[in-house]
Amino acid sequence: MKLSRKNIYDLNIWPGFVDILGTLLIVTIFTILISTITQVYFNDQLEIKRGEISSLDDQIKSLFDEIERTNLEKNNLKSNLSILATNLSKLENEKKKLNESKTLIEKDLANSNYLIKIKENELSKITQEKTFLLTDLQEKNTKIDRINEKNKQFVSEINELNNNVEILKKKISYLENILKEAEINDENNKVKIENLGKRLNQALAGKVQELSEFQSIFFKEIKEAVGDRSDIIISGDRFILPSEILFQSGSDVIEPDGLNKLIKISKSLKEISLKIPKEIDWILRIDGHTDKIPINNEMFSSNWHLSSSRSINIVKFFIDQGISPSRLVAAGFGEYSPIFLDQTDESLKKNRRIEIKLTTR
């Protein structure tokens, strides 16, 4: 019994302790190894992620640059859009003006077609007149031959008439004596006639003064219709405007712009005619004038013909506008009533003119 108890107390626990320490050491080493491997692995992953982050940073920076460029383009597009909107507004205004111009051109075309028809009718009449004149000329040539034969007979009759003239001279001397006696008797009546003439002149001057007031109004409205031009002249009872306003050189066709001005003038005349007292027998006289440069074309053989045709066409147009023909007079003076006698370009231009005169008969 003593021996077995001793053996129990003599039991050695160190080897077990060593085993436990060894196991703990192995576990610790394994843990450290796993930790080291894990750290290395995560360091590698971290480096990879850092690279990816750096790449993403570059991409983000690139995207910001792209956004900035996009914003700039957006601003440019907005600016271009504003410019386009302005241009569109201008184009719409231009379109409106073009439409208005188109309407005016169509009106001018209608007026031109109307004038062409008038000219065609006039040309037909001129052709008929030409045929008539040729026939008439032949007849007159025949009459001239007959007259030449009669002239021979008249020679003898003239001799007889010369004898009769001597007799008449004696009778005239006798009548002169009687006339002197009659003049003495007429001196008493002369005073009465002079007084009657003065009263007539005073009455006529009153009518002329009354008409001159309407002349001033009419000329003012003509000037407004024609426009503010330095080459327009008002001289006494005449309104003088250059032919170039209404006609092209060498032509009697009224230009479209001239038609528009004549429409305004005719409208003013119709308004004023309603205000002129009925007892004033007024007329509107249109005088055509040219320069001294000769003309000879298919339409006109002389400046006289050209100036007359121009004034007649203006009168016809006024008649078409509703003005009574009895109130209109057309006259052509050719180059025979110039304002300036010298041959400078400026003087020739001023001599080419249309004169409008509101006067009495």
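The values are calculated or read from the model by the stated rules, or taken from the named source; none is laboratory data. Note that the structure is predicted; figures quoted are calculated from it, not measured. We place every Cβ from the backbone using ideal geometry, glycine too, and count neighbours over all the protein chains shown.
Examine the stretch 86-99 for a residue that is under 30 Å from PHE317 (Cα atoms), in contact with a helix residue (DSSP H, G or I) (Cβ under 7 Å, 6 or more places away or on another chain) and surrounded by 10 or more Cβ atoms within 10 Å (Cβ to Cβ), and state whether such a residue exists. Looking through the stretch 86-99, none of the residues is under 30 Å from PHE317 (Cα atoms), in contact with a helix residue (DSSP H, G or I) (Cβ under 7 Å, 6 or more places away or on another chain) and surrounded by 10 or more Cβ atoms within 10 Å (Cβ to Cβ). Is there a residue being more than 24 Å from SER216 (Cβ to Cβ), in the same structural domain as ARG352 (by TED's automatic domain parsing) and modelled with pLDDT under 95 anywhere in the stretch 279-288? Within the stretch 279-288, not a single residue is more than 24 Å from SER216 (Cβ to Cβ), in the same structural domain as ARG352 (by TED's automatic domain parsing) and modelled with pLDDT under 95.
Under the condition of being of a type outside the set (A, V, I, L, M, F, W, C) and in a strand (DSSP E or B), the residues counted in the stretch 322-350 number 2.
Quick check on PHE317: is it in a helix (DSSP H, G or I), hydrophobic (A, V, I, L, M, F, W, C), closer than 24 Å to ASP237 by Cβ and modelled with pLDDT of 95 or more?
yes
Set side by side, the residues SER251, SER268, SER243 differ, and just one is farther than 14 Å from SER311 by Cα and polar (S, T, N, Q), which is SER268. Applying the condition of being among the polar types (S, T, N, Q) and assigned to a loop (DSSP other than H, G, I, E, B) to the stretch 261-310 and asking which residue is surrounded by the most Cβ atoms within 10 Å (Cβ to Cβ) yields THR290.
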